[in-house]
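*Asks:* Let me give you the structure first, and then I'll get to my questions.
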Amino acid sequence: MGFAMDARNAVEALAAHLAESENRAGKVIRQPPMGELIESLELERLIAQGGLTGAAFGTFLERYLAAATRLHHPGYMAHQVAVPHPMGAVGSLIDGTLNNAMAIYEMGPAASAIEFVLVNWMLAKVGWTPQPLPPAEGASGGGVLTHGGSLANLTALMAARARIDPEAWQDGVSRDLVVLAPEACHYSIARALGIMGLGRRALRAAPADADERLRPDRLPEALGRLRDEGCRVLAVVANGCCTAAGLYDPLREAGAFCRENGLWLHVDAAHGASALLSERLRPRLDGLELADSMIWDAHKMLRTPTVCAAVLVRERADLDRAFRQEASYLFHDKDQPGFDFIQRTVECTKAALGLRLFMVLAAEGEAALARYIEGRADFARQAAERIRRQPGFEVAVEPESNIVCFRAPGSDEHQLDLRRRLLERGRHYLTTTAFRGRRWLRITAMNPGTDLDDIERLLAELGESPCPDA
Ligand SMILES: *Cc1c(COP(=O)(O)O)cnc(C)c1O
């Protein structure tokens, strides 16, 4: 009995499960009724009696894996959640074991050093100045890892608010503040405004083109109208890339406009920032360095287990003021041997999120990860080309990242019905999305093993459920 034995057994069972999934054995998704699972996993008995070790643990794990969604199965083309690299998973195990809640240096010096280096690595990728060590006063970029992109967006908008309305922290928010963002922005932006007390009404639709991309050429007009209403723009938000179709907003033009007008530009690059690793793909984010803040989810395209997100700012003092009125590098006592991230984040107890990303990077190297990201973008374009050749099928837009939106012949309702049937069969798992006022089937190519034969099999399976009215 004991940790080593249970952990060894778990790792062996997981390795077998991954190998099986990668070979397309088992179903990518299986959704038994929850009541059935509560019974079969014996959850209530185990909570009451304990004893989850040895053979009992083996039985439990087998049943748990049978009802787990298999992200490592190449039929997984659904959500923007990484198919984690095994070394990242080992990072999660180490962190779960040590529990170095490293928002303060003394609770995890090694984990803090990793976060410091990763934040600087990301800042350099964006084109911002890494933070010096020891943390001297003076200008540089800054950042922190958070439990997810939604929290990272909230943090960035808090930093923007501290700049335009420094009294808000103490006195509460002004009612004239608004955020200008394309309607295609992620719902976490609206949620952040709700949390911040600005209200969802403070989210104003930025001008966009027919593919829902921000139109910087029409920002002057939008800004003029808001100023006439007596509003102050807390931030302009741009997507890099947007969630629905994976399209990138024109960041250089948006950045130039914001600089000229003294506006904060926040780029939500939760999904798309990983393209910065690739010389070939990074032009999609051209102009990102003109922004004031951005977010980047490693648990999307960097093969990192959930969750590990970064919020980065061009001027670190902006982030240091997000949750207080005084810039907090002053707060740092010169004797301290390391850096406390706690003043930059909503969180108090914070996991060593950097470890899981670091271990993926350190196992694969940047160049191999860049090839993975390029490979998935290439695959998305090839899949789109193949789907376009299927009679009656339609592709929404040429993919710019690893996302493909397409429709089978039939109504919006039929697309939802097709997805329902795919999930019931459990060989392919995809999502749907609303884009340009219609419902689309949506492939997100996260799994490194998904290939064009999977697309052939998917199309064949979709062909088994023709549209009733076609
Ligand atoms: C995924 C995503 C988010 C939300 O990030 P979480 O890590 O899921 O909280 C925000 N914005 C965009 C553009 C995204 O793709």
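The values are calculated or read from the model by the stated rules, or taken from the named source; none is laboratory data. Keep in mind that what you see is a predicted model, and the values were worked out from it rather than measured. Here the Cβ is made from the backbone with ideal geometry for all residues, glycine too, and neighbour counts use every protein chain on show. These area figures cover heavy atoms from the full protein model, side chains too; ligands, DNA and RNA do not enter into them. Shrake-Rupley method; radii C 1.70, N 1.55, O 1.52, S 1.80 Å.
*Asks:* Compute the distance in nm between two label points, each set 7 Å from the Cα along the Cα-to-Cβ direction, one at N261 and one at M5.
*Replies:* Distance between the two pseudo-spin positions: 6.8 nm.
*Asks:* Going 7 Å from the Cα of E279 along its beta-carbon direction, which residues of the range 345-376 have the amide nitrogen within less than 18 Å of the resulting point?
*Replies:* Once the point is set 7 Å along Cα→Cβ of E279, 365-375 turn out to lie under 18 Å by backbone N, inside the range 345-376.
*Asks:* In sequence order, what are the phi-derived ³J(HN,Hα) couplings for the range 285-293 according to the Karplus relation 6.51 cos²θ - 1.76 cosθ + 1.60 with θ = phi - 60°, rounded to whole Hz, with x for glycine and proline?
*Replies:* 9, 3, x, 3, 5, 7, 6, 9, 8
*Asks:* Same structure again: Just to be sure I follow the rule: in the chain, considering lysines 8 or more places apart or on different chains, how many pairs have Cα atoms under 27 Å apart?
*Replies:* On the way: K27/K300; K125/K300; K125/K350; K300/K350; K334/K350.
Close lysine pairs found across the chain: 5.
*Asks:* Still on this structure, I have one more. What whole-number value in Å² describes the accessible area per residue of the range 101-364 for a 1.4 Å probe?
*Replies:* Details: 10030 Å² over 264 residues.
Solvent-accessible surface per residue comes out at 38 Å².
*Asks:* How large, in percent, is the carbon and sulfur part of the accessible surface of the chain at a probe radius of 1.4 Å?
*Replies:* Details: 10900 of 20310 Å².
Carbon-and-sulfur percentage of accessible area, whole number: 54.
*Asks:* While we're here: Need the full-extension length gain, T349 to A66, defined as separation in residues times 0.36 nm minus the C-alpha distance. One decimal, nm. Intermediate results must be reported in sequence, preceding the final value.
*Replies:* Numbers: separation 283, 0.36 × 283 = 101.88 nm, distance 3.25 nm.
Working it through step by step, the gained length comes to 98.6 nm.
*Asks:* Here's something else I'd like to know. Can you compute the helix-only [θ] at 222 nm over the chain? Use -39500 (n - 2.57) per DSSP H run of at least 4 residues, normalise by all residues, nearest 500 deg cm²/dmol.
*Replies:* Details: 17 runs with 198 residues, N = 470.
So the calculated ellipticity at 222 nm is -13000 deg cm²/dmol.
*Asks:* Sort the range 101-364 into rounded, prolate or oblate with this rule: let a ≥ b ≥ c be the square roots of the eigenvalues of the Cα gyration tensor; rounded if a/c is under 1.5, and if a/c is not under 1.5, prolate when a/b is larger than b/c, oblate otherwise.
*Replies:* Values: a/c = 1.85, a/b = 1.30, b/c = 1.42.
It comes out oblate by the Cα gyration axes.
*Asks:* Does the chain come out rounded, prolate or oblate, given a ≥ b ≥ c as the square roots of the eigenvalues of its C-alpha gyration tensor, rounded meaning a/c under 1.5 and, failing that, prolate meaning a/b above b/c? Don't skip to the end; give the middle numbers.
*Replies:* Working: a/c = 1.84, a/b = 1.16, b/c = 1.58.
Oblate shape, in that a/c is at least 1.5 and b/c is the bigger or equal ratio.
*Asks:* Taking θ = phi - 60°, what integer Hz values does the Karplus form 6.51 cos²θ - 1.76 cosθ + 1.60 yield along the range 269-279, in sequence order, with x for Gly and Pro?
*Replies:* 10, 3, 8, x, 5, 4, 4, 4, 6, 9, 4
*Asks:* Dipole size in debye (nearest 20) for the range 368-470 around its Cα centre, Lys and Arg Cβ +1, Asp and Glu Cβ -1?
*Replies:* Details: 17 positive and 17 negative charges, 38 e Å.
Magnitude of the dipole: close to 180 debye.
*Asks:* Right, here's the next one. Identify, among V311, V81, A159, the residue whose Cα sits farthest towards the positive end of the charge dipole of the chain, taking +1 on the Cβ of Lys and Arg and -1 on the Cβ of Asp and Glu, with the dipole about the Cα centre.
*Replies:* Selected residue: V81.
*Asks:* Now, a different point. With the dipole of the chain worked out from charges on the C-beta (+1 for Lys and Arg, -1 for Asp and Glu) around the Cα centre, which of I38, A363, L452 lies farthest toward the positive end?
*Replies:* Final value for the positive-end residue is L452.
*Asks:* Next question. So, in nm, how far is label D211 from label L41 when the simple model puts each one 7 Å beyond its Cα toward the Cβ?
*Replies:* Going by the 7 Å Cα→Cβ label model, 4.2 nm.
*Asks:* Pick out, from C258, A55, A206, the residue whose Cα sits farthest towards the positive end of the charge dipole of the chain, with +1 on the Cβ of Lys and Arg and -1 on the Cβ of Asp and Glu.
*Replies:* Of the listed residues, the answer is A206.
*Asks:* Still on this structure: Rounded to the nearest 0.05, what FRET efficiency do D171 and N99 give with R0 = 35 Å and r taken as the Cβ-Cβ distance? Could you check? Provide the component values of the computation, followed by the final result.
*Replies:* Numbers: r = 38 Å, r/R0 = 1.08.
E(calc), rounded to 0.05, equals 0.40.
*Asks:* Sticking with this structure for a sec: If you average the alpha carbon positions of the range 183-260 and of the range 331-406, how far apart do those two centres end up, in angstrom?
*Replies:* 23 Å
*Asks:* Would you work out the charge dipole size for the range 101-364 about its Cα centre, treating the Cβ of every Lys and Arg as +1 and the Cβ of every Asp and Glu as -1, and quote it to the nearest 20 debye? Could you put the intermediate results ahead of the total?
*Replies:* Details: 29 positive and 33 negative charges, 91 e Å.
The calculation lands at about 440 debye.
*Asks:* How large is the accessible surface per residue of the range 2-74, computed with a 1.4 Å probe and reported in Å² as a whole number?
*Replies:* Result: 63 Å² of accessible area for each residue.
*Asks:* Computed FRET efficiency, Cβ-Cβ of L452 and A55, R0 45 Å: what is it to the nearest 0.05? Please list the in-between numbers first.
*Replies:* Numbers: r = 44 Å, r/R0 = 0.97.
Step by step, r from the Cβ atoms, then E = 0.55.
*Asks:* Let me have the relative contact order for the range 200-266, percent, based on Cα pairs under 8 Å that are six or more residues apart. Could you put the intermediate results ahead of the total?
*Replies:* Values: 65 pairs, mean separation 19.9, N = 67.
This gives 30 percent for the range 200-266.
*Asks:* Something else now. Using the Cα centre of the range 241-290 as the reference point, and only Cβ charges (+1 on K/R, -1 on D/E), how large is the resulting charge dipole? Debye, rounded to the nearest 20. Present the calculation step by step, with values, prior to reporting the outcome.
*Replies:* Values: 5 positive and 7 negative charges, 26 e Å.
Taking the Cα centre of the range 241-290 as origin, the dipole is about 120 debye.
*Asks:* Quick one: grab the alpha carbon gyration tensor of the range 208-356, order the square roots of its eigenvalues as a ≥ b ≥ c, and give me rounded if a/c is under 1.5, else prolate or oblate depending on whether a/b is larger than b/c. Mind dumping the intermediate values first?
*Replies:* Working: a/c = 2.31, a/b = 1.30, b/c = 1.78.
Because a/c hits 1.5 or more and a/b fails to exceed b/c, the range 208-356 counts as oblate.
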